[in-house]
Amino acid sequence: MQKSENRLFGTAAMMVAVTLLAKVFGMLRDILTASHFGTSEAAVAYEAASRLPITLFDFALGGVVTAAFIPIFNEILAGRGRDEAFAFANRYFNLILTVTVTITAVGVLLAKPLIGFLAPDISTSAKELAVPLCRMMFPMILFTGAAYCYVGVLQSFEKYMLPAVMSLVSNLVMVLYFYTLCDRLGVWGLSAALVLGWFLQAAIQAPAAHRLGFRYRPARFFGDVYIRRALKLALPILVCSWLQPVCNVINTRYASGFESGSGITMVSYANRLYIIIVGIFSFVATNLLFPKLSRAEATGDADGARRFAGASIKILLLIMVPLAIGVFLLAEPITRAVYMRDRFSAHDAEMTAQILRLFALGIPFMSANEVLTKLFFAKQRVKAPMLSSLAAILVNIVLCAVLVRTVGFVGIGIASTAAIAVCALLNLALLSRDGALLTGRDFADILKMLVCTAVMGAVVYAFDGFTALQSDLVRVLCCGAVGVAVYGAASLLLPTAEVRALKERILKRSPHD
């Protein structure tokens, strides 16, 4: 058991390092995008054009590619062997390929009306640029589907590193583009680099899947009993995954009415920072968690899966709650330090920070919800999280319609955070009906985290006001260091079970013991 825990810890540490590196290059990509294009008409057109293929993919497939695949693949692998499992994987790959080819064809043909729906209030010239850019980028959906099929195969065999590396590869492609060809090819070359990045995400995983035994061949998938089961799982899972893309569509539509359409880029830059911040730990946790939950459920260890999920939520909250408050307090200097240069102005930074501050409050809910939905999917119970997502989407739509009219631009951020909070709380309540996911002791520990976070927030706020540092980067680094020190000290004085376990692990490894 100890060896298994150490291996899991080592894998998680490596994934954190790789994911952190990928996020660093993702942030550099966004910095360079803001520096070269700012909130200009070209930036608005690129944002609308690139958002459309990704949104259609999320609506048609989204998390289905891996979430409907992994539980069934692991079930076949455990019960019928490797050959049968790979035969199913090949049929599934052909299903996804068929769907992505169809989406690409529809997107290319209907790009103009779709851009008009997604960003109705941007200028006519921005729309005219966005349409051909969008048609150019639609083939990336083919590579996206293939990449996530490979992810499902590799993660089922506990091969986590290549799936973690793939976003690093695509970010590197785009960063290299900015340093080499951007001045000559502009937003057209940027669109091509995005497509190339997604192609490479699929390409780098193919050899590893081949070594495991996966062989792609054209194959019929209609009538296959396992494909039918996957499709039966797919629709509810798909609806579960709609929350984020629906929120993005709603945000984009409302943001297109602010700052002559530049509100789209401001919300996008805030969302990218939010995803970078929340993605490092939640990506690692959920990508390690889901295959393990699926195997536990497949072997009948439902109690073990529930305990593992509950422990994962607490560990994520231990990190994400103070992180969320730190970003909330320092949204403006963070945004200025990351984006404000060249064509990205102080006003752009201020507007972006307003949204980032509100997005930050959703970080703990987003992280917890990732674990909750993965537990539902591992159980192959998808109706409950589907209903939670639909309820959250309704909350987002209603709040955006009301708040944008009353409080303006920041209403977009409030509505998005409220939606993810509603979704997470509903999923927790529904899962708890099968047995307590979090015990009374767990809730006591969460209360301790909140107290420690409140102390940290008060100290950081006072320190920031007292020092009045002029450099945004120095301000963020100093306040961050103070926050980490205060939160760490408060957590030692008011320790949770996780902090005590970490302390014991460190003490056991101490050479003085």
Classify the range 185-258: rounded, prolate or oblate, from the alpha-carbon gyration tensor (a ≥ b ≥ c, eigenvalue square roots; a/c under 1.5 rounded; otherwise prolate if a/b is larger than b/c)?
oblate
At what distance in nm do the modelled label points of Val106 and Ile506 sit from each other, each positioned 7 Å from its Cα along Cα→Cβ?
5.3
Quick check on the chain: helices-only [θ] at 222 nm, where DSSP H runs of length 4 and up contribute -39,500 (n - 2.57) each and the sum goes over total residues. Nearest 500, please.
-28500 deg cm²/dmol
Can you give me the solvent accessible area of His36 with a 1.4 Å probe, rounded to the nearest 10 Å²?
60
Rounded to the nearest 10 Å², the 1.4 Å probe accessible area of Asp434 is 80
List the residue ranges in the chain for DSSP H helices whose C-alpha atoms run 30 angstrom or more along the long axis and whose Kyte-Doolittle average is -0.5 or above.
2-37, 82-109, 263-298, 302-329, 383-406, 411-432, 440-467, 472-493
Unit charges at the beta carbon, dipole of the chain: most positive-side option, Ala85, Ala378, Val165:
Ala85
Using a 1.4 Å probe over the heavy atoms of the protein chains, calculate the carbon and sulfur portion of the accessible area of the chain as a whole percent.
67
With bins 5 Å wide starting at 0, give me the P(r) of the range 434-513 over every alpha carbon pair, in whole percents.
3, 14, 18, 16, 14, 13, 11, 7, 3, 1, 0
Got a number for the accessible area of Ser432? Probe 1.4 Å, square angstrom, nearest 10.
50
Tail beyond 47 Å, pair distance distribution of the chain (Cα, percent)
8
Using the Cα centre as the reference, give the magnitude of the dipole from point charges on the C-beta atoms of the range 416-513 (Lys, Arg: +1; Asp, Glu: -1; all else neutral), rounded to the nearest 20 debye.
240
Among Gly223, Ser367, Ala419, which residue has its Cα furthest toward the positive end of the charge dipole of the chain, with +1 on Lys/Arg Cβ and -1 on Asp/Glu Cβ?
Gly223
For Asp434 and Phe59 in one chain, what is 0.36 nm times their gap in residues minus the Cα-Cα distance, to one decimal in nm?
132.0 nm
List Phe178, Phe463, ordered by accessible area with a 1.4 Å probe, largest first:
Phe463, Phe178
From the convex hull of the Cα coordinates of the range 68-120, what is the mean projected area in square nanometres?
4.5
Full-extension gain in nm, Ala444 to Thr406, via 0.36 nm per residue minus C-alpha separation:
9.9 nm
Amide H of Ile204 versus every other amide H placed in the peptide plane: which residues, excluding those fewer than 5 positions away on the same chain, fall under 5 Å?
none
Assuming a ≥ b ≥ c are the square roots of the Cα gyration tensor eigenvalues, decide whether the range 354-480 counts as rounded (a/c under 1.5), prolate (otherwise, with a/b larger than b/c) or oblate.
oblate
Pull out a ≥ b ≥ c, the square roots of the eigenvalues of the alpha-carbon gyration tensor of the range 150-278, then state rounded if a/c is under 1.5, prolate if not and a/b is larger than b/c, and oblate in the remaining case.
oblate
Size of the dipole of the chain about the Cα centre, Lys and Arg at +1 and Asp and Glu at -1 on the beta carbon, nothing else charged, in debye to 20?
1340
Grab the beta carbon distance between Ser40 and Leu425, set R0 = 60 Å, and tell me the FRET efficiency rounded to 0.05.
0.90
Under 25 Å Cα to Cα from Lys503, which lysines show up? Leave out anything in the same chain fewer than 8 places away.
Lys3, Lys314, Lys448
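The values are calculated or read from the model by the stated rules, or taken from the named source; none is laboratory data. Bear in mind the structure is a predicted one, so any value in this text is a computation, not a measurement. Neighbour counts run over all protein chains shown; Cβ positions are idealised from the backbone, glycine included. When the accessible area is computed, the model is the full protein with side chains, heavy atoms only, and any ligands, DNA or RNA have been set aside. Shrake-Rupley method; radii C 1.70, N 1.55, O 1.52, S 1.80 Å.
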